[in-house]
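To start, the structure itself, in structure tokens.
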Amino acid sequence: MSLKIEQKTLPEDHPSLGPTYNNIALVYNNMGDYSKAFEFYEKSHKILEKALPPNHPDLATSYNNIGQVYNGMGDYSKAFEFYEKAHIIYEKALPPNHPSLATSYSNIGQVYNNMGDYSKALEFYEKAHIIYEKALPPNHPSLATSYSNIGQVYNNMGDYSKALEFYEEAHKIKGKALPPNHPDLASSYDNIGGVYNNMGDYSKAFEYYEKALEITKKALPPNHPSLGVSYGNIGQVYNDMGDYSKALEFYKKAHKIRKKALPPNHPDLARSYNNIGTVYFNMGDYSTALEYSKKDFEITKQVLHENHPDLAFPYNWFGKIYRSMKDYSKALDNFEKCLSIRQKTLPENHPYLALTYSNIGDVHRLLGKYEKALAFHRKALNIQENVQCNPLECATTYINLGETYRKMKDYSTALTYFGKGLEIREKKLSKNHPDLAVVYHNMAKLYLATRKYSMAMKNIQQAVEIAQEKLPSTHPHLLEYKETFEKIRMKI
């Protein structure tokens, strides 16, 4: 209504229309409607360009807003372009320790983080942090955000001790500056809980996630989406622990809230379908996993443009499910779609590209194309061994390489790679984690082939014990382990 009145009474480029267009754009951006947000930010920007000198800080803010839309759309090169334009103006117009200059460094850092260039992300986040420390009081919320940003990069790099250090600094500030039931404190507990979960310290992860849940329950109404996030986080811990029935229970609680609170095509609802599908996949119920992944995809393709980096995730999941269902042509097709999106949108050494190469290599192994499999696994390792990423991702590639060499009957090389993968998983995972059983089973098959039956029996017993404790009795992995156990038993 306000816009219609202004449009009737003012010329289309009147400065008073600029803030109105800007406010409308902000609403569309928060709704995830990036094309409409872009349209109104552009209108606001054209007015500002006519009304202001070229180095005015408000013009920089406008460039930042447009950059933010591109960042939300996953078009990181365009986001970077507009954030850089803003930064050039701020450097000319503002003193070197102005907080707006720090915000500008943070925006650029965020793009590098999203692109997987963690060293550059750290560089810009640290520049921002130096300014915030000089310009702001020690308990200012922006300083807490800065600590959190740096913590997030270290978490993405798999440097969990550094991530904890920075997340805890952020939490100290929030603890002093905010009332005890403030939702931002819950977010802080969530961040710390997430790091402990990644470290495999599930009891600590629970402790922090439950603190977050307690605050969220007190501070927000019972169907608030943030409560869904809390339940989802606890579900993730149970999933990572291999306690799939409890994971489903919490993921479904989260999903129930999201269905009530969010529009039917909201990205968080898609994420919720994906989470539930992941548990069914881990339980070996691949048809139900596929059903939930398709629901995720239906929403995701509506809200994201065709080359958004996040659109690669559903294709990746389809590939994993079809691979487990032994439909290798569909698996390969989906992994290649995932790769195509990631090659267009991410830098060539991004950790996600490494994961995709490894997945494609694994399908080639299953198709008996061992040289092709090795080529893709080496591409993956070339990234993972030269870029800081989650060590568990590297472990998966080592294990995939080991399986490929085992099938090629190069048993000594296979054993070397299994050993590397196992060492990482034993450090990072709980002793009864299903992913450890996978390696023990692979090694049991290797020792069976090389007639080292006592070693084969030791490894298969470990695999079966974990699977019996953690997996449903009908899970394909458990059935396979029991079959291998019988083969080894017959040889002793």
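Tell me the net charge near Pro347. Cut-off is 12 Å between Cβ atoms, Pro347 excluded, with +1 for each Lys or Arg and -1 for each Asp or Glu.
Details: positive: Lys120, Arg342, Lys344; negative: Asp117, Glu348.
So the surrounding residues net to +1.
Compute, for the chain, the length of the dipole vector about the Cα centre, with Cβ point charges of +1 (Lys, Arg) and -1 (Asp, Glu) only. Units Debye, rounded to 20.
On the way: 60 positive and 54 negative charges, 301 e Å.
Around 1440 debye, computed over the chain.
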To the nearest 500 deg cm²/dmol, what mean residue ellipticity at 222 nm is calculated for the chain from DSSP H runs of n ≥ 4 alone, each contributing -39,500 (n - 2.57), summed and divided by the residues? -27000 deg cm²/dmol
Over the range 343-492, what relative contact order in percent results from Cα pairs under 8 Å that are six or more residues apart? 15
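Compute the signed sum of charges (Lys and Arg +1, Asp and Glu -1) over the other residues within less than 11 Å, Cβ to Cβ, of Asn223.
Working: positive: Lys256, Arg258, Lys259, Lys260; negative: none.
Value of the local net charge: +4.
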Sequence-distant aspartates and glutamates (8 or more away, or on other chains) whose Cα lies within less than 15 Å of Lys92: Asp58, Glu84
Can you return the lysines within cross-link range of Lys369? Criterion is Cα-Cα under 17 Å, with same-chain partners fewer than 8 residues away left out. Lys326, Lys330, Lys379, Lys407, Lys409
Cα-based Rg and Dmax for the range 210-355, where Dmax is the largest Cα-Cα distance (Å): 16.1, 50
Treating only the Cα positions of the range 353-395 as identical point scatterers, give the base-10 log of I(q)/I(0) from the Debye formula at each q in 0.14 Å⁻¹. -0.28
Footprinting proxy, Arg342, Arg451: sorted fewest to most Cβ within 10 Å, the residues are Arg451, Arg342
Least to most buried among Val27, Val438, by other C-beta atoms within 10 Å and fewest first, runs Val27, Val438
In which sequence would Phe250, Phe38 go, from the one with the fewest C-beta neighbours within 10 Å to the one with the most? Phe38, Phe250
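Of the trypsin sites (Lys or Arg not before Pro) in the range 238-337, which ones lie in a loop per DSSP and count no more than 13 other C-beta atoms within 10 Å?
Answer by residue number: Lys326.
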Spatially proximal aspartates and glutamates relative to Lys320 (Cα-Cα < 14 Å; intrachain offsets below 8 disregarded): Asp285, Glu291, Asp333, Glu336, Asp362
Exceeding 30 Å between C-alpha atoms, which entries from my cross-link table qualify? They are Lys46/Lys174; Lys301/Lys427; Lys36/Lys246; Lys176/Lys217; Lys172/Lys252. Lys46/Lys174; Lys301/Lys427; Lys36/Lys246; Lys172/Lys252
What relative contact order, as a whole-number percentage, does the chain give when Cα pairs under 8 Å and 6 or more residues apart are counted? 8
Rounded to whole Å and sorted largest first, list the principal axis extents of the Cα atoms in the chain. 90, 47, 42
For the range 323-369 and the range 100-144, what is the separation of their Cα centres, given in Å? 34
Return, for the Cα atoms of the range 279-328, the radius of gyration and Dmax in Å, separated by a comma. 11.3, 32
Please list 3J(HN,Hα) in residue order for the range 196-204, calculated via the Karplus relation 6.51 cos²θ - 1.76 cosθ + 1.60 where θ = phi - 60°; whole Hz, with x for glycine and proline. 4, 5, 5, 7, x, 8, 6, 5, 5
Over the C-alpha atoms of the range 58-161, what are the Rg and the largest Cα-to-Cα span, Dmax, in Å? 13.3, 40
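How much net charge surrounds Arg406 when only the other residues with a Cβ under 12 Å from the Cβ of Arg406 are counted, with Lys and Arg +1 and Asp and Glu -1? Please list the in-between numbers first.
Working: positive: Arg365, Lys407, Lys409, Lys445; negative: Glu403, Asp410.
Local net charge: +2.
Coordinate-derived values only; no laboratory data. Nothing here was measured: the structure is a model prediction, and the numbers come from that model. Glycine gets a Cβ as well: all are built from the backbone with ideal geometry, and neighbour counts include every protein chain shown.
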